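No lab work stands behind these numbers, since they all come straight from the coordinates. Just so it is clear, the structure is predicted and the values come from calculations on it, not from any experiment. Positions of Cβ are generated from backbone atoms using ideal geometry, with glycine treated the same way; all protein chains shown enter the neighbour counts.
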Amino acid sequence: MQELLKLLNANEIVAQILSFLILMFILRAFAWKKILGILDKRKERIAKELKDLENSRIDLEMLKKEYLEKINAIEVQAQKKIHDAMQESKVISEEARKLAHLQAQEIIDKAKESIKFELSKAKDDLKKEVIDLTISATENLIREKLTSDQDKRLVNDFLNEVDRL
């Protein structure tokens, strides 16, 4: 360190200090206000940009919140519509089932009526056939004088004819 002090000259040090002070005075007089003004403007511009960024972030957060609320509302509406559609389909299927049951019951009732009618008609036809056979057997008995064997044969023929019908 002592060697460094030996190299330095007091006149040079004083001259450098004076040069520095003169330069500082000149800069302060002519350029200091401009430099500080530029720095202040830059500081204000950066602060404004930071404030704008913060406002934009807040706006984005609000938009995101509104978007999520709308999505949730749409999901609720969709679930409600699905539920309503399912309820309506249950009602429609129940009505269709009841209608099919009623139609089936009507078909069964008509079939029963038809069966009753056909059975009644068959009974009437059978009665007519029995009457005709009885009359025919009676006519045969009247026409010929019968022995007991002939009586049995005629009765058997009559019963066979009834069985056939």
Query - Potential lengthening between GLU3 and ILE131 on full extension [0.36 nm per residue; Cα-Cα distance subtracted] - result: 29.7 nm
**Report entry** Reachable lysines, given that their alpha-carbon falls under 23 Å from the alpha-carbon of LYS90 and they are not under 8 places away in the same chain
**Finding:** LYS80, LYS81, LYS98
Report summary line: Each label sits 7 Å from Cα toward the beta-carbon; between LEU60 and GLN87 the label points are separated, in nm, by 4.3 nm
Report summary line: Of the candidates ILE26, ILE107, ILE46, the farthest towards the positive dipole end of segment 2-164 (Lys/Arg Cβ +1, Asp/Glu Cβ -1, centred on the Cα centre) is ILE26
Query raised in the report: Seen from all sides and averaged, what is the projected area of the convex hull of the Cα atoms in the chain, in nm²?
Result: 31.5 nm²
**Report entry** aspartates and glutamates whose Cα lies under 20 Å from that of LYS43, excluding same-chain neighbours fewer than 8 positions away
**Finding:** ASP52, GLU54
Report summary line: Filtering the chain for DSSP H helices with an axial alpha carbon extent of at least 20 Å and a Kyte-Doolittle mean of at least -1.0 returns 10-26, 32-143
Requested in this report: Please give, to one decimal in nm, the separation of the simple spin-label points placed at PHE30 and LYS121, each 7 Å out from Cα toward the Cβ.
Outcome: 13.4 nm
Query - FRET efficiency, 1/(1 + (r/R0)^6) with R0 41 Å, evaluated for LYS80 and LYS112 via beta carbons - result: 0.30
